[in-house]
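*Asks:* One structure follows; several queries about it will come next.
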Amino acid sequence: MGQHDGQAELFSYQVNLERRVRADHPLRAIRAAIDLTFVREEVAQCYGRNGNESVDPVVIMKLMFVLFFDNVKSERELMRMLSERLDYLWFLGFGLDDEIPDHSVLSKARARWGQPVFESLFVRTVQQCVAAGLVDGAKLHLDGSVIAAHASKDSVVKSSPELIAALKQAYQVEEQKLQTQAGNPYYEPVNARLCSTTDPDAPCVRHHRPGDSRPRYKQHRAVDDRCGVVTAVITTPGDVPEPTQTIPLLDQHARHTGRGSAVVVADRQYGSVENYRQMQARGLTTHVAPAQPERTAIAGIYPPERFSYDSPSDTYRCPAGQTLYPWHWNPRRQAKEYHTKKGVCLRCPLRAACTHSRTGRTLHRNDGHELIERAKRQGLSAAARRDRRRRQHLMEGSFAQAANCHGFKRSRWRRLWRQQIQDWLIAACQNLKLLVGAIRPEPGASSLESGPIGALVRALLPPFSFTSRIN
């Protein structure tokens, strides 16, 4: 029977971190798949020639990546556990005796670098997934999710809208608030009297439960249908409605992937008239259910389909042969209202089968009526219903993975620009998981390994590098 001698060795010359990290460790696959040396060139202008030498920017970026990849609860905790984790030391390129940086290095780097380098990291992960065949761009899923800001409800103050506006002006966040509601002149903000003194960029938004109004942000993302790669990410204050970010997400997806989508899949929130009109004008197929369900036909009343439209004269002809003329433009609905001349409906013998109104029958025709009607037909088709069922596990699964594995539902830092950095890092982590899974699937995995995508990737995937510049 042996007995272990626990006496500490004075010297050890045989510690090899390369051998200590197991062959199937996730960070080993991540390190083989990416090259973060591009960071030095991206942030070179942020450093001078004199003074103390900084921590290597590549090491700083790796630390921020690990922070979200393993969902470490804080930067202080990451630095405390760093000396105990041989896999982290190996991933960073540290030795056992290297000095561990202070946690403040990360916050100072974020303030010094700004947002572009983190966006560049996310874009490069998207481009690698495109090159690996994990993105085809034919079908795109859109959705948004709220994120609890790093501010408590106790930090919210209530006052008059004028004083709250002055407070936000003092915090220099008025430019961020201008994004809210995309300039809708008919929107009346419900949180105009509330402001968080801790994080004024995050408006108070109620989510699900009544009375649960607290500071929140919102992430809008686009996910490719083929493998669930996140191709576009936009972070906004929590009260920005999701439909207003549809076109920016589509444009961002096209820039990042180099290809446009043919089909857009989203839930009912995106089925607004304006969205329908813009997407159809781009030639997209809209598998989006209408935001407002079609009105049930009233028994005994002629449906709008019984009225024929004459385009040259911009008039309608009713079943009785009378003409309905454009009467009023409704700017809120972006639609024209059509009526007959005064007294015509009152004397009509078919009035009982046409309308119950005392003033006569009224029809509405939206701007771009043909485009909107075509979008509604596409959104109510059987193919659209199948795509929305797939969206339930593809799109919602993407958000669920971000929340369960990468701390998505809670802001780590304050202010909108820092929240955008967090969202880019989380999306980059998710994309790299997909990329690594395609290159070297886990034992027993079947989603990519057993299908044609896995065979295509293993046969065609070249060695990747992040050193190339993005034009």
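The values are calculated or read from the model by the stated rules, or taken from the named source; none is laboratory data. Note that this is a predicted model, so its numbers are computed, not measured. Reconstructed Cβ throughout: ideal geometry from the backbone, glycine too, with neighbour counts over all protein chains shown.
*Asks:* Of the residues Ile60, Ile34, Ile100, which is of a type in the set (Val, Ile, Thr), over 17 Å from Leu432 (Cα atoms) and touching a residue at least 24 places away in the same chain (Cβ under 8 Å)?
*Replies:* After ruling out the rest, the residue left standing is Ile60.
*Asks:* Within segment 44-61, can you find the residues that are part of a loop (DSSP other than H, G, I, E, B) and out of contact with any Ser or Thr (no Cβ under 9 Å at 6 or more places or on another chain)?
*Replies:* Result: Gly48, Arg49, Asn50, Gly51, Asn52, Glu53, Ser54, Val55, Asp56.
*Asks:* Here is a check on your reading of the model: is Gly397 modelled with pLDDT of 90 or more, within 23 Å of the chain's Cα centre (by Cα) and exposed (fewer than 15 other Cβ atoms within 10 Å of the Cβ)?
*Replies:* Against the criterion (modelled with pLDDT of 90 or more, within 23 Å of the chain's Cα centre (by Cα) and exposed (fewer than 15 other Cβ atoms within 10 Å of the Cβ)), Gly397 qualifies.
*Asks:* Modelled with pLDDT of 85 or more and exposed (fewer than 14 other Cβ atoms within 10 Å of the Cβ): is that true of Gly300 in this structure?
*Replies:* Against the criterion (modelled with pLDDT of 85 or more and exposed (fewer than 14 other Cβ atoms within 10 Å of the Cβ)), Gly300 does not qualify.
*Asks:* Among Val72, Val21, which is the only one that is of a type in the set (Val, Ile, Thr), surrounded by 13 or more Cβ atoms within 10 Å (Cβ to Cβ) and over 21 Å from Val117 (Cβ atoms)?
*Replies:* Selected residue: Val21, the only one of Val72, Val21 that is of a type in the set (Val, Ile, Thr), surrounded by 13 or more Cβ atoms within 10 Å (Cβ to Cβ) and over 21 Å from Val117 (Cβ atoms).
*Asks:* Hey, among the residues in segment 45-74 that are closer than 17 Å to Trp424 by Cα and among the charged types (D, E, K, R), which one's farthest from the chain's Cα centre (by Cα)?
*Replies:* Lys62
*Asks:* While we're on this one: Looking only at segment 320-341, count how many residues are out of contact with any Ser or Thr (no Cβ under 9 Å at 6 or more places or on another chain) and over 30 Å from Glu274 (Cβ atoms).
*Replies:* 2
*Asks:* Of everything in segment 75-106, what is crowded, with 16+ Cβ neighbours inside 10 Å, under 29 Å from the mean Cα position of the chain (by Cα) and acidic (Asp, Glu)? Give them in sequence order.
*Replies:* Across segment 75-106, the qualifying residue is only Glu75.
*Asks:* Take segment 120-149 and flag every residue that is under 19 Å from Gly407 (Cα atoms) and surrounded by fewer than 20 Cβ atoms within 10 Å (Cβ to Cβ).
*Replies:* Val146, Ala148
*Asks:* How do the helices (runs of 4 or more DSSP H) wholly within segment 62-136 filter down when requiring 2 or more residues that are β-branched (Val, Ile, Thr) and farther than 20 Å from Arg22 by Cα: which remain?
*Replies:* 116-131
*Asks:* Given the options Asp251, Asp224, name the one that is among the charged types (D, E, K, R), surrounded by 18 or more Cβ atoms within 10 Å (Cβ to Cβ), in contact with a strand residue (DSSP E or B) (Cβ under 9 Å, 6 or more places away or on another chain) and under 22 Å from Arg391 (Cα atoms). Give the derivation first.
*Replies:* On the way: Asp251 fails: surrounded by 18 or more Cβ atoms within 10 Å (Cβ to Cβ).
After ruling out the rest, the residue left standing is Asp224.
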